Amino acid sequence: MLALALGISALTLAADAGAKNVKKWLGKPSFVQVGKAVAVYGWQDANRGLHLRVTAPLRKNKAHHFKGSVCAVDKKDKNTITSLTPKLLEPIQDSARIGPHGHCVWFDFKTNGHIDGFDFTTDAKHLLFTIFRDGKKVLPAKIYLGAEGNHPARNPAFIKR
(Lines give C-alpha, C1' and ligand atoms only; values in the text may rest on other atoms or scores of the structure.)
Protein backbone atom coordinates (compact mmCIF):
# COMPACT_ATOMS: atom_id res chain seq x y z
CA MET A 1 0.00 0.00 0.00
CA LEU A 2 1.06 3.55 -0.63
CA ALA A 3 1.85 5.70 2.34
CA LEU A 4 2.26 9.47 2.16
CA ALA A 5 2.58 12.13 4.73
CA LEU A 6 3.82 15.33 3.29
CA GLY A 7 2.58 18.80 4.06
CA ILE A 8 4.91 18.50 6.97
CA SER A 9 7.07 21.28 8.14
CA ALA A 10 7.90 21.70 11.78
CA LEU A 11 9.21 18.23 11.36
CA THR A 12 12.28 16.24 11.87
CA LEU A 13 12.78 13.48 9.36
CA ALA A 14 13.72 10.94 11.98
CA ALA A 15 16.03 8.27 10.58
CA ASP A 16 15.40 9.66 7.11
CA ALA A 17 17.27 12.95 6.82
CA GLY A 18 18.61 13.15 10.34
CA ALA A 19 17.41 16.76 10.56
CA LYS A 20 17.96 18.31 13.98
CA ASN A 21 16.51 21.77 13.40
CA VAL A 22 12.73 21.37 13.63
CA LYS A 23 12.20 24.91 12.30
CA LYS A 24 13.58 23.99 8.88
CA TRP A 25 10.24 22.27 8.07
CA LEU A 26 8.05 25.24 8.98
CA GLY A 27 6.36 27.49 6.50
CA LYS A 28 4.97 27.40 3.00
CA PRO A 29 7.58 27.40 0.26
CA SER A 30 7.61 30.80 -1.46
CA PHE A 31 9.10 29.37 -4.64
CA VAL A 32 6.20 27.15 -5.76
CA GLN A 33 6.13 27.15 -9.57
CA VAL A 34 2.82 25.87 -10.89
CA GLY A 35 3.22 23.73 -14.00
CA LYS A 36 6.94 24.46 -14.53
CA ALA A 37 8.32 21.06 -13.45
CA VAL A 38 7.30 17.92 -11.58
CA ALA A 39 7.31 18.93 -7.92
CA VAL A 40 5.72 18.01 -4.59
CA TYR A 41 5.49 20.69 -1.90
CA GLY A 42 4.73 20.01 1.75
CA TRP A 43 4.74 22.17 4.85
CA GLN A 44 3.33 22.72 8.31
CA ASP A 45 1.85 26.11 9.16
CA ALA A 46 2.05 27.99 12.47
CA ASN A 47 -1.19 26.31 13.66
CA ARG A 48 0.23 22.81 12.99
CA GLY A 49 -1.96 22.40 9.91
CA LEU A 50 -0.36 20.25 7.20
CA HIS A 51 -0.40 20.91 3.47
CA LEU A 52 0.46 18.94 0.32
CA ARG A 53 0.55 20.20 -3.26
CA VAL A 54 1.69 18.51 -6.48
CA THR A 55 2.35 20.13 -9.84
CA ALA A 56 3.67 19.07 -13.23
CA PRO A 57 4.16 20.64 -16.66
CA LEU A 58 1.58 20.46 -19.43
CA ARG A 59 1.71 17.31 -21.58
CA LYS A 60 -0.22 17.23 -24.84
CA ASN A 61 -1.34 13.61 -24.74
CA LYS A 62 -1.74 12.64 -21.10
CA ALA A 63 -1.87 14.23 -17.63
CA HIS A 64 0.66 13.28 -14.93
CA HIS A 65 -0.89 10.82 -12.48
CA PHE A 66 0.05 11.37 -8.82
CA LYS A 67 -1.04 8.82 -6.25
CA GLY A 68 -0.21 8.26 -2.60
CA SER A 69 -1.28 8.52 1.01
CA VAL A 70 -0.58 10.33 4.26
CA CYS A 71 -0.58 7.95 7.20
CA ALA A 72 -0.45 8.82 10.89
CA VAL A 73 1.60 6.09 12.54
CA ASP A 74 1.41 6.95 16.25
CA LYS A 75 -0.13 4.76 18.91
CA LYS A 76 -3.90 4.27 18.84
CA ASP A 77 -4.99 7.43 20.64
CA LYS A 78 -3.15 9.91 18.36
CA ASN A 79 -3.11 8.32 14.91
CA THR A 80 -6.25 9.77 13.38
CA ILE A 81 -6.54 12.31 10.57
CA THR A 82 -8.86 14.90 12.17
CA SER A 83 -9.70 17.01 9.12
CA LEU A 84 -9.20 17.04 5.35
CA THR A 85 -9.80 19.90 2.91
CA PRO A 86 -9.18 19.20 -0.79
CA LYS A 87 -7.58 22.13 -2.64
CA LEU A 88 -7.76 22.93 -6.35
CA LEU A 89 -9.11 19.49 -7.32
CA GLU A 90 -11.17 18.71 -10.43
CA PRO A 91 -14.18 16.75 -9.13
CA ILE A 92 -14.35 14.07 -11.81
CA GLN A 93 -10.66 13.14 -12.05
CA ASP A 94 -9.12 13.99 -8.65
CA SER A 95 -9.79 12.67 -5.16
CA ALA A 96 -8.50 12.99 -1.61
CA ARG A 97 -10.26 11.07 1.15
CA ILE A 98 -9.70 9.76 4.64
CA GLY A 99 -9.37 5.96 4.68
CA PRO A 100 -11.82 3.63 6.46
CA HIS A 101 -9.93 3.55 9.78
CA GLY A 102 -9.15 7.28 9.83
CA HIS A 103 -5.37 6.83 9.87
CA CYS A 104 -4.57 7.78 6.26
CA VAL A 105 -5.44 10.33 3.60
CA TRP A 106 -5.49 8.60 0.22
CA PHE A 107 -5.13 10.76 -2.86
CA ASP A 108 -5.28 10.30 -6.61
CA PHE A 109 -4.66 13.32 -8.87
CA LYS A 110 -4.32 13.84 -12.59
CA THR A 111 -2.29 17.02 -12.95
CA ASN A 112 -1.45 18.69 -16.24
CA GLY A 113 0.08 22.16 -16.10
CA HIS A 114 -1.59 23.12 -12.83
CA ILE A 115 -1.54 22.27 -9.11
CA ASP A 116 -3.60 19.87 -6.94
CA GLY A 117 -3.50 19.14 -3.24
CA PHE A 118 -5.09 19.08 0.17
CA ASP A 119 -4.79 20.42 3.70
CA PHE A 120 -5.19 18.19 6.75
CA THR A 121 -4.77 18.02 10.50
CA THR A 122 -3.74 15.29 12.90
CA ASP A 123 -2.41 15.05 16.44
CA ALA A 124 0.03 12.37 15.29
CA LYS A 125 3.71 13.05 15.80
CA HIS A 126 4.84 10.45 13.27
CA LEU A 127 3.83 10.32 9.61
CA LEU A 128 4.82 8.12 6.71
CA PHE A 129 4.62 9.11 3.07
CA THR A 130 5.22 7.69 -0.35
CA ILE A 131 4.37 9.56 -3.52
CA PHE A 132 4.09 8.06 -6.98
CA ARG A 133 3.89 9.81 -10.35
CA ASP A 134 2.89 7.75 -13.35
CA GLY A 135 3.46 4.55 -11.36
CA LYS A 136 7.02 5.38 -10.19
CA LYS A 137 8.19 6.89 -6.91
CA VAL A 138 8.80 10.64 -7.09
CA LEU A 139 12.51 11.33 -6.63
CA PRO A 140 13.37 12.96 -3.27
CA ALA A 141 14.99 15.85 -5.19
CA LYS A 142 11.49 16.70 -6.50
CA ILE A 143 9.98 16.82 -2.99
CA TYR A 144 10.27 20.20 -1.23
CA LEU A 145 9.49 20.47 2.49
CA GLY A 146 9.04 23.73 4.36
CA ALA A 147 9.89 27.30 3.46
CA GLU A 148 13.46 26.34 2.54
CA GLY A 149 12.49 23.43 0.30
CA ASN A 150 14.38 20.71 2.16
CA HIS A 151 14.41 17.27 0.50
CA PRO A 152 13.83 13.99 2.32
CA ALA A 153 16.61 11.42 1.99
CA ARG A 154 14.24 8.91 0.39
CA ASN A 155 10.70 8.23 -0.77
CA PRO A 156 9.00 6.72 1.24
CA ALA A 157 9.95 8.95 4.16
CA PHE A 158 9.18 8.63 7.86
CA ILE A 159 8.65 12.02 9.44
CA LYS A 160 8.63 12.97 13.09
CA ARG A 161 6.90 16.28 13.93
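With I98, I115 as the choices, which residue is β-branched (V, I, T) and free of Cβ contacts under 8 Å to residues at least 24 places away in the same chain?
Numbers: I115 fails: free of Cβ contacts under 8 Å to residues at least 24 places away in the same chain.
Result of the check over I98, I115: I98.
So G27 passes all but one of these: (1) farther than 15 Å from L145 by Cα; (2) in contact with a Ser or Thr (Cβ under 7 Å, 6 or more places away or on another chain). Which condition number does it fail?
(1)
Among the numbered conditions (1) part of a loop (DSSP other than H, G, I, E, B); (2) within 13 Å of S69 (Cα to Cα); (3) among the charged types (D, E, K, R), tell me where R97 comes up short.
Just one mismatch for R97, condition (1).
Among residues belonging to region 7-52 that are among the β-branched types (V, I, T), under 14 Å from the mean Cα position of the chain (by Cα) and modelled with pLDDT of 85 or more, point out the one that is surrounded by the most Cβ atoms within 10 Å (Cβ to Cβ).
Top of the filtered list is V40.
For region 60-109: of the residues being touching a strand residue (DSSP E or B) at 6+ places or on another chain (Cβ under 7 Å), under 23 Å from V34 (Cβ atoms) and among the basic types (K, R), which is modelled with the highest pLDDT?
K67
Across region 125-143, what is the number of residues that are assigned to a loop (DSSP other than H, G, I, E, B) and modelled with pLDDT of 90 or more? Explain how you work it out, then say what you get.
Within region 125-143, the subset assigned to a loop (DSSP other than H, G, I, E, B) is 125, 134-135, 138-139.
With the extra rule that they be modelled with pLDDT of 90 or more, the set shrinks to 134-135, 138-139.
Total meeting the criteria: 4.
Scan region 68-94 for residues that are hydrophobic (A, V, I, L, M, F, W, C) and part of a strand (DSSP E or B) and jot them down.
First pass over region 68-94, keeping only residues hydrophobic (A, V, I, L, M, F, W, C): 70-73, 81, 84, 88-89, 92.
The answer is V70, C71, A72, I81, L84.
Please enumerate the residues belonging to region 118-136 that are without any contact (Cβ under 8 Å) to a residue 60 or more places away in the chain and surrounded by fewer than 15 Cβ atoms within 10 Å (Cβ to Cβ). Quick ask: steps written out before the conclusion?
From region 118-136, those without any contact (Cβ under 8 Å) to a residue 60 or more places away in the chain are 123-125, 136; that's our starting set.
Scanning region 118-136 gives D123, K136.
Before we move on, is R154 outside any loop (DSSP other than H, G, I, E, B) and on the phi < 0 side of the Ramachandran plot? Let's see the steps before the verdict.
On the way: outside any loop (DSSP other than H, G, I, E, B): no; on the phi < 0 side of the Ramachandran plot: yes.
Considered against the rule, which asks whether it is outside any loop (DSSP other than H, G, I, E, B) and on the phi < 0 side of the Ramachandran plot, R154 comes out as no.
Checking R48 against (1) without any contact (Cβ under 8 Å) to a residue 60 or more places away in the chain; (2) in a loop (DSSP other than H, G, I, E, B); (3) under 21 Å from G146 (Cα atoms), only one condition comes out false. Which one?
So R48 meets the others, but not (1).
Do we find that G42 is assigned to a loop (DSSP other than H, G, I, E, B), touching a His at 6+ places or on another chain (Cβ under 9 Å) and either under 13 Å from H114 (Cα atoms) or not aromatic (F, W, Y) (or both) in this structure?
Working: assigned to a loop (DSSP other than H, G, I, E, B): no; touching a His at 6+ places or on another chain (Cβ under 9 Å): yes; either under 13 Å from H114 (Cα atoms) or not aromatic (F, W, Y) (or both): yes.
No: the conditions fail for G42.
The values are calculated or read from the model by the stated rules, or taken from the named source; none is laboratory data. A quick note: this is a predicted structure, and the numbers were derived from the prediction, not measured. All Cβ positions, glycine included, derive from the backbone under ideal geometry; neighbour counts span all protein chains shown.
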